[in-house]
Amino acid sequence: MKSMLVIGLGRFGKHLATKLVELGNEVMVVDTNEEEVDKIAHIVTRAQIGDCKDEDVIRSLGVSNFDICFVCISDNFQSSLEITSLLKDLGAPYVVSKTDRDIHAKFLIRIGADDVIYPERDMAQRAAVKYSSKTAFDYIELTDEYAISEILVPRSWIGKTIKELNIRPVYNVNIIGFKANSHVTPIVNAEYVFKGEEHLLIAGSKDDILKIIDK
């Protein structure tokens with residue numbers, strides 16, 4: 001369990017806070033909108049109305065005590081910059097800031113953000129791969145270069161083993177496991193025989209995964 005601070009209760013901030021609670025974390029939320037704070041107060045550990053551009057407000061939160069602070073301001077980049085900077089100045093150990101533009105991400109990193117997330121861009125990329133392919137069921141980018149994808153077993157793999165196909169050297173991906181009824185079973189045996197209509201989880205570079213999809 002970790003202690004999280006979520007600043008900004010737009011759609012992303014609310015969904016993030018709710019999911020963090022579901023995963024067993026202690027979550028405090030802060031927003032200037034009293035109505036939005038009231039909507040989520042019964043879900044999170046603590047909820048507060050306040051303008052986090054005000055240094056006194058940030059200081060009163062005790063930000064150094066949170067494992068991660070999320071800045072989810074989506075409609076005012078200047079506010080996002082100011083809040084991110086204040087969090088780091090006042091001792092926040094790890095700050096994750098939301099943005100939708102690369103140029104904004106560069107400034108956020110420069111003034112102290114430990115990580116930057118692009119919810120809209122990431123979801124668009126995920127949806128584009130998923131719905132462009134007949135054999136891809138999910139696609140999650142881990143970094144700018146690497147991803148995990150849930151795919152249907154390529155027809156040319158059916159009835160063959162991982163060892164026989166020489167998966168890693170030939171395709172440059174790792175087989176994580178197979179998925180059935182939302183349950184993932186790791187594949188650790190190179191003699192595993194691929195079956196038709198089976199969903200595989202594979203990890204590797206985005207380019208190598210995309211070569212396998214629809215193969």
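Figures for the structure shown
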{"read-out": "Check on residue 152, surrounded by 14 or more Cβ atoms within 10 Å (Cβ to Cβ) and within 21 Å of the chain's Cα centre (by Cα)", "value": "no"}
{"read-out": "Qualifying positions in the range 78-107 - under 14 Å from residue 8 (Cβ atoms) and out of contact with any Lys or Arg (no Cβ under 8 Å at 6 or more places or on another chain)", "value": "78, 81, 84, 87, 96, 97, 98, 99"}
{"read-out": "Of the criteria (1) more than 20 Å from residue 104 (Cβ to Cβ); (2) out of contact with any Leu (no Cβ under 7 Å at 6 or more places or on another chain), which one residue 85 fails", "value": "(1)"}
{"read-out": "Test: residue in the range 39-57 that is surrounded by 23 or more Cβ atoms within 10 Å (Cβ to Cβ), under 21 Å from residue 117 (Cβ atoms), at pLDDT below 95 and in contact with a Leu (Cβ under 9 Å, 6 or more places away or on another chain)", "value": "yes"}
{"read-out": "Some residue of the range 174-189 being surrounded by 11 or more Cβ atoms within 10 Å (Cβ to Cβ), of a type in the set (Val, Ile, Thr) and modelled with pLDDT of 90 or more", "value": "no"}
{"read-out": "Matching option when the condition is in contact (Cβ under 8 Å) with a residue 60 or more places away in the chain and in contact with a strand residue (DSSP E or B) (Cβ under 8 Å, 6 or more places away or on another chain), among 71, 57", "value": "71"}
{"read-out": "Residues within the range 82-107 that are over 18 Å from the mean Cα position of the chain (by Cα) and under 25 Å from residue 141 (Cβ atoms), tallied", "value": "5"}
{"read-out": "All positions within the range 53-68 that are within 17 Å of residue 13 (Cβ to Cβ) and either part of a strand (DSSP E or B) or among the hydroxyl-bearing types (Ser, Thr, Tyr) (or both)", "value": "68"}
{"read-out": "Candidate set: the range 150-180, residues that are charged (D, E, K, R) and in contact (Cβ under 8 Å) with a residue 40 or more places away in the chain; chosen: the one nearest to residue 209 (Cα to Cα)", "value": "150"}
{"read-out": "Filtered residues of the range 145-170 (kept if aromatic (Phe, Trp, Tyr) and modelled with pLDDT under 90)", "value": "146"}
{"read-out": "Selection within the range 69-121 - surrounded by 14 or more Cβ atoms within 10 Å (Cβ to Cβ), of a type in the set (S, T, N, Q) and part of a helix (DSSP H, G or I)", "value": "79, 80, 84, 85"}
{"read-out": "Any pair with Cβ under 9 angstrom, 6 or more apart, that starts in the range 87-106 at a residue that is outside the structural domain of residue 144 (by TED's automatic domain parsing) and ends at one that is among the polar types (S, T, N, Q) and modelled with pLDDT under 90", "value": "98/74; 99/74; 100/74; 105/99"}
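The values are calculated or read from the model by the stated rules, or taken from the named source; none is laboratory data. None of the values given here were measured: they were computed from a predicted structure. Don't worry about glycine lacking a Cβ; one is built from the backbone with ideal geometry, like all the others, and counts go over all protein chains shown.
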